[in-house]
Each structure stands twice: as structure tokens, then as C-alpha cells.
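Remarks on the structure that follows.
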Amino acid sequence: MIQLLFSSMILGIVDSNIFEILELLFVPILTIVYLISIKEKSLLFTLFLITYSVSDLINIMDQDMLSEVIYFICNCLYILAYVFLLFEILKTIKLKTILKKFPAHFIILLLLNLYIIFVMATIINPIDFETNHLGIVRIIEHLYNFVLLSLLSMSFLNYLLHEDNKTLLLFCGCLSITFAELLLIGYYYLSEQMLAIGFVSTLLHVCAFVLFYFYSKIKSYKEESIELQ
């Protein structure tokens, strides 16, 4: 009985507006902590956190209004934030080096990403979004997924190149946030009744940004491109 009551309370909290607001406030608060506590800041990583935070704050103001303009603005900001994080990774690696050292890994990741994008397309394309700009919405959704998968793949290759704690934290953060976003696709587009999926996605999202914060605290590795001897 107690366990059932506890479960009902948890699901009630997850479904409440207060929980949604707290979730959206997490990254902006973490960004403020980062700006105050971290002395040696990376410009691209800082832009990633700030852009993501701005989008979360806009979402808080919008809440249940579900404005189409807000949808476009927020998703474009999220994509831009992930692009900043992607460039944060790419500044220390070269595609030529990856192809020479990890050709098999690169090919497997490429094929896997293509397959996942195809699966996502089969889920998203049949959906009739309530919008007058259906084509643009689908492009944004596919671009969002493409950037996320690129971020995950490059963070993994980045870890293989450097093999240190900093790149491991970054990869784990990218892995967590990618899984969080993929679970949200199942939650929003397949079954909104599966509250457990939304809750797990939120936990992964929080874990991802905690990992990103600890990543930023570790002293930077040499930001030089690795060349084969």
C-alpha cells in the first residue's frame, strides 16, 4: 500500500507543471554556476550552455501555449547549442586522423547513424503535425536527430583519440543526452501515457549536464590536432 502511494506521488510530481518548470530551470542554473565557478572557460562550450539555457527559459515562458513560433525558435536554438558542442569536440580532432587510425569504427558508426536516421524517419514522417508548415517541421525534427547522432559519434571518436577522463565525461554526457532525446520521441510521438519514459528521459538529461559540468572542471588537454607519426 505504501509503495503504491509512493509511486502515485512520484507520477503525480512528474506530471505536474512544477516539475516541468524545475526541469527547464536546471540547465540555466547550472550555466550560472559554470560561469561563476569555472575560471578557464571554453568559448564554444560556454555558447552551448548559454544557447541551451535561453531555449529552456523561452520554453518556461511558453508553457502550455504551444506556440508554433516558439517551437521553431526553441528547436533551432537547441540545434545551434548542439552544433556549438559539436565544434567544441571537432576543434581537437581531424577527420583525416580518424580515418587513418579508426577506419573501421568510422564506417560502422556511419552505417549505424544512417540506420537510426532511417528508423527515426519512419516514425516521424507519418505523423500529422498540427501545423501549416509541415515540411519545415519535419526538416527540423530530422536535422535535430542528425546533429545529435553526429555529436554522439564524434564524442566517441574523440574519446578513442585522447583516452582521458575529460573526453570520457564528454562522451558519457553526449550518450546520456542522446538517449534522453530518443526516449522523448517515444514519449511524445508514440505514447504520452508512458510517464516512466518521460521520467527516465529527464533523469538522463540531468545526468548529461552534470557530466558536462564536471567535464568543464577538468583541466583542458592540449588543444592540438593529433597527427600520425
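The values are calculated or read from the model by the stated rules, or taken from the named source; none is laboratory data. Everything numeric here is computed off the predicted structure, so don't read it as measured data. Reconstructed Cβ throughout: ideal geometry from the backbone, glycine too, with neighbour counts over all protein chains shown. Please note that ligands, DNA and RNA were not included when accessible areas were found on the heavy atoms of the full protein model with its side chains. Shrake-Rupley method; radii C 1.70, N 1.55, O 1.52, S 1.80 Å.
See the values below:
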{"quantity": "Convex hull of Cα atoms in segment 15-104, direction-averaged projection (nm²)", "calculated": "8.5 nm²"}
{"quantity": "Length gained when the stretch ILE58-ALA104 is fully extended (0.36 nm per residue, less Cα-Cα span)", "calculated": "12.4 nm"}
{"quantity": "Percent carbon-and-sulfur accessible area, segment 16-117, ignoring ligands, DNA and RNA, probe 1.4 Å", "calculated": "78 percent"}
{"quantity": "Spacing of the two label points (7 Å from each Cα toward its C-beta) at LEU203 and LEU44, in nm", "calculated": "3.2 nm"}
{"quantity": "Cross-link pairs LYS41/LYS166; LYS39/LYS94; LYS41/LYS100; LYS41/LYS96; LYS101/LYS217; LYS41/LYS217 - those with Cα-Cα distance over 20 Å", "calculated": "LYS39/LYS94; LYS41/LYS100; LYS41/LYS96; LYS101/LYS217"}
{"quantity": "Förster radius 35 Å - calculated FRET efficiency between ILE73 and LEU114 (Cβ-Cβ, nearest 0.05)", "calculated": "0.75"}
